[in-house]
Amino acid sequence: GAVVSQHPSWVICKSGTSVKIECRSLDFQATTMFWYRQFPKQSLMLMATSNEGSKATYEQGVEKDKFLINHASLTLSTLTVTSAHPEDSSFYICSAILRGRDYEQYFGPGTRLTVT
Amino acid sequence: LAKTTQPISMDSYEGQEVNITCSHNNIATNDYITWYQQFPSQGPRFIIQGYKTKVTNEVASLFIPADRKSSTLSLPRVSLSDTAVYYCLVGDVRDSSASKIIFGSGTRLSIRP
């Protein structure tokens with residue numbers, strides 16, 4: 001099946017620094033990518049929808065200036081957490097929609113972010 | 001957006017069949033029903049998807065009644081490795097501008113020896 005990768009798989013950063021997370025669709029072109037955040041023992045919360053070549057659409061309550069999303073190509077979307085704080089520590093997961101089979105959503109393995 | 005309701009948790013034993021039911025009373029005409037499995041610290045994994053009636057693949061079956069207001073994921077002969085959280089999602093990812101895939105609370109399935 002289709003594969004979505006994320007890099008890094010885990011990252012520790014100091015408060016106030018920025019962290020970039022990459023999401024790649026390895027063997028298909030992704031029309032749309034989604035970014036989710038998941039806190040321990042909780043469900044996934046949709047943060048934003050990323051369409052190639054256009055600005056991301058953010059969910060209510062998600063600060064677009066803090067969580068910068070760039071979808072520069074059909075195989076890569078990046079999420080940058082700017083000026084990270086301990087409360088941003090979470091599990092970040094991306095997903096991609098397979099072009100041509102648009103009703104299948106494939107998820108990446110997730111990135112564990114810890115802000116100290 | 002179609003909201004989903006699932007049991008918070010379920011327990012079963014190895015070798016048993018497990019059925020997890022999801023309610024989605026306000027499902028839209030274009031919505032599909034998709035089930036995902038998630039292990040701790042991993043991204044969700046696609047299990048099965050359907051629109052109506054019954055769908056079966058190598059790992060599960062999905063039963064959808066005619067009114068589509070609910071669906072049941074059936075896992076035959078579960079093993080310890082099936083212990084995970086199972087999410088029922090309803091939506092039409094083909095139209096990402098109008099419909100977003102929103103995760104419900106999921107069902108935490110625990111399988112015992």
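Bear in mind that the values in this text are calculations on the coordinates, not laboratory data. Predicted model only: the values in this text are computed from it and were never measured. Here the Cβ is made from the backbone with ideal geometry for all residues, glycine too, and neighbour counts use every protein chain on show.
A few points about this structure:
- Note on the protein assembly as shown: with charges restricted to the Cβ of Lys and Arg (+1) and Asp and Glu (-1), its dipole about the Cα centre is near 120 debye.
- Of the Cα atoms belonging to segment A:1-94, the radius of gyration and Dmax stand at 12.9, 39 Å.
- Note on B:VAL55 and A:LEU74: with the Förster distance fixed at 35 Å, the Cβ-Cβ geometry gives a FRET efficiency of about 0.75.
- Shown is the FRET efficiency for A:THR82 and B:THR83, computed with R0 = 35 Å from the Cβ-Cβ distance and rounded to the nearest 0.05: 0.40.
- Residues B:ALA28 and A:LYS41, FRET efficiency given R0 of 35 Å [Cβ-Cβ distance, rounded to 0.05]: 0.70
- DSSP bridge analysis restricted to chain B gives an antiparallel fraction near 85%, rounded to the nearest 5.
- Other residues with beta-carbon under 14 Å from the beta-carbon of B:ALA60 carry, at +1 per Lys or Arg and -1 per Asp or Glu, a net charge of 0.
- Candidates A:GLY53, A:GLY16, A:GLY61: whichever shows maximal mean-square fluctuation once chain A is modelled as a Gaussian network with Cα springs under 10 Å: A:GLY61
- Using equal-weight Cα scatterers in the Debye expression, the normalised intensity of chain B in log10 at q = 0.21, 0.22 Å⁻¹ is -1.15, -1.25.
- Residue pairs, from the table A:LYS64/B:LYS3; A:LYS41/A:LYS64; A:LYS55/B:LYS52; A:LYS14/A:LYS64, whose Cα atoms sit over 31 Å apart: A:LYS55/B:LYS52
- Residue (of A:GLN29, A:TRP10, A:LEU74) at the positive-pole extreme of chain A, dipole from beta-carbon charges: A:TRP10
- Counting only other chain Cβ atoms within 10 Å of each residue's Cβ, the peptide B:41-49 averages 6.
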